[in-house]
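The values are calculated or read from the model by the stated rules, or taken from the named source; none is laboratory data. As the structure is a prediction and not an experimental result, all values here were calculated from the model. All Cβ positions, glycine included, derive from the backbone under ideal geometry; neighbour counts span all protein chains shown. SASA here: full protein model, heavy atoms, side chains in, ligands and nucleic acids out. Shrake-Rupley method; radii C 1.70, N 1.55, O 1.52, S 1.80 Å.
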Amino acid sequence: MPGKRISDLQVSKYKELRGKYGQEAAAAKTGISVASARRLESAVTLPSQRPPRHWRTRADPLAEVWASEVVPMLEGAPSLMAVTVLEELQRRHPERFADAVLRTLQRRVSQWRAEHGDERELFFAQEHPPGRLGLSDFTVADELDISLGGLAFPHRLYQFALAHSGWRHARVVLGGESFQSLAAGLQDALWMAGGVPLEHRTDSLSAAFNNLAEREELTKRYQTLCQHYGMRPTRNNIGVSHENGAIEARQGSLKRGLDQALLLRGSREFNDLPAYEQFVAETVRRLNARCTRAWEAERTSLQVLPARRTADFEEVDARVSKFGVFSAKSVLYSVPSRLAGQRLKVRLHSTHLDAWLGGVKVFECERLHASTADRHPKRIDWRHM
């Protein structure tokens, strides 16, 4: 191979094969060139016994500019790429440096960084035993350009994945990264998997961590959720996303898989939300088929599920005004006029809400979410008036 020194083992193997084959055949079986084989025919010493070469085989094309121009550029901006440095040299010295100098410059820049460059962050391979680690994360999916009933559908996707096998579950999320979305998606994933990992990891989700507190602690609801399923809650360090790489990489593969399925489908338009949710579930099922063997091995290592699910909603008090409306999380909802003046217990789920009066559910509707574009949305049904 060009650029690689011939080893003592190759020399011995070549001389052994030379007694059976011709020069070209023996050289090919040894992995050396015919020209090198000719030199070995007359050599009396092994490569390791030869003195090191201290001379250059050709003139250094960077000798005049390396110390005076290239090194100052690297010291001023250590992240400069070799191709950028070469383009600058070609600008300063027209017709002096050909494009063929790039490989030489890349080797010299790499060597300079090894001797004088900044310290680099080291990464260590992670081993994930079966059944130990599950991860959750949200990702914005607007680039999929989904539309429902002819209207653009901005949304997020929640994804849970098992680090060992890569088995995953995804759920369409309306609004932000709320606790309700996290709790509903996580519980759906655990019950679909049929077991619970020992540890559940997230990044700095506001649904799980109180990031505004002086000491970042788990919110009580998230802690209760993990205790219910017997999982140890953990998180990666702030700003170090590669520690959550087992889920970060799968967010990209999930959106690529959805995009490819949409291209085959020929349309990004869906009749309603259930139709799109079914499409996402079918795509995830095909992705999980790729890791069937590892998933079957990990399934037996999961902890047993509890007897029941726990609450995946937030409960707030709301008083119905004389106009037959109430407010919850900056959203105004209308209710049947017979509820005017009543105080309701409203359970906010990720996609809908329930209103309860004295232990009886008296109202249910789709939940709206406030956004930057619409800080106070309204859901008014004229039939309530």
TODO: Filter the range 155-171 down to residues that are among the small types (G, A, S) and in a loop (DSSP other than H, G, I, E, B) and give me whichever is surrounded by the fewest Cβ atoms within 10 Å (Cβ to Cβ).
DONE: G166
Task: Selection count, the range 34-77, where residues are of a type in the set (S, T, Y) and closer than 22 Å to V109 by Cα - done: 2
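Residues checked against (1) assigned to a helix (DSSP H, G or I); (2) in contact (Cβ under 8 Å) with a residue 40 or more places away in the chain; (3) open to solvent by 60 Å² or more (accessible area, probe 1.4 Å):
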| residue | (1), (2), (3) |
| --- | --- |
| L263 | yes, no, yes |
| R285 | yes, no, yes |
| A297 | yes, yes, no |
| F323 | no, no, yes |
- [ ] Working carefully through the options A141, A100, A114, find the one that is open to solvent by less than 20 Å² (accessible area, probe 1.4 Å) and of a type in the set (G, A, S).
- [x] A141
- [ ] Go through the range 366-385 and count every residue that is free of Cβ contacts under 8 Å to residues at least 40 places away in the same chain and in contact with a strand residue (DSSP E or B) (Cβ under 6 Å, 6 or more places away or on another chain).
- [x] 2
Open item on the list: If I filter the range 157-166 for residues that are modelled with pLDDT of 90 or more, out of contact with any strand residue (DSSP E or B) (no Cβ under 6 Å at 6 or more places or on another chain) and within 16 Å of Y276 (Cβ to Cβ), do I get at least one hit?
Closed with: no
Open item on the list: Can you tell me which condition L148 does not meet? The list is (1) under 30 Å from A249 (Cα atoms); (2) more than 29 Å from the chain's Cα centre (by Cα), and all the others hold.
Closed with: (2)
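Kindly provide the set of residues from the range 117-127 that are open to solvent by 50 Å² or more (accessible area, probe 1.4 Å) and either at pLDDT 90 or above or not aromatic (F, W, Y) (or both), ordered by number.
Passing the criteria: D118, E119, R120, E121, L122, A125, Q126, E127.
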Open item on the list: Quick check on the range 42-49. Is at least one of its residues open to solvent by less than 90 Å² (accessible area, probe 1.4 Å) and either modelled with pLDDT of 90 or more or over 30 Å from E24 (Cβ atoms) (or both)?
Closed with: no
- [ ] Tell me, please, whether a residue that is among the β-branched types (V, I, T) and assigned to a loop (DSSP other than H, G, I, E, B) can be found in the range 117-139.
- [x] no
Open item on the list: Tally up the residues in the range 84-104 that are under 37 Å from the mean Cα position of the chain (by Cα) and more than 14 Å from V65 (Cβ to Cβ), please.
Closed with: 4
TODO: Run down T292, T310 and say which single residue is closer than 30 Å to A161 by Cβ, out of contact with any Cys (no Cβ under 7 Å at 6 or more places or on another chain) and either open to solvent by 60 Å² or more (accessible area, probe 1.4 Å) or without any contact (Cβ under 8 Å) to a residue 60 or more places away in the chain (or both).
DONE: T292
TODO: Filter the range 328-385 down to the residues that are more than 24 Å from L182 (Cα to Cα) and polar (S, T, N, Q), then identify the one that is surrounded by the fewest Cβ atoms within 10 Å (Cβ to Cβ).
DONE: S337
Task: Total residues in the range 50-92, condition over 15 Å from L102 (Cα atoms) and open to solvent by 100 Å² or more (accessible area, probe 1.4 Å) - done: 13
Open item on the list: Condition (residue is of a type in the set (S, T, N, Q), closer than 25 Å to T372 by Cβ, modelled with pLDDT under 85 and more than 21 Å from the chain's Cα centre (by Cα)) applied to the range 209-218: is it met by at least one residue?
Closed with: yes
- [ ] Assess whether A152 counts as being open to solvent by 60 Å² or more (accessible area, probe 1.4 Å) and either within 23 Å of E366 (Cβ to Cβ) or basic (K, R) (or both).
- [x] yes
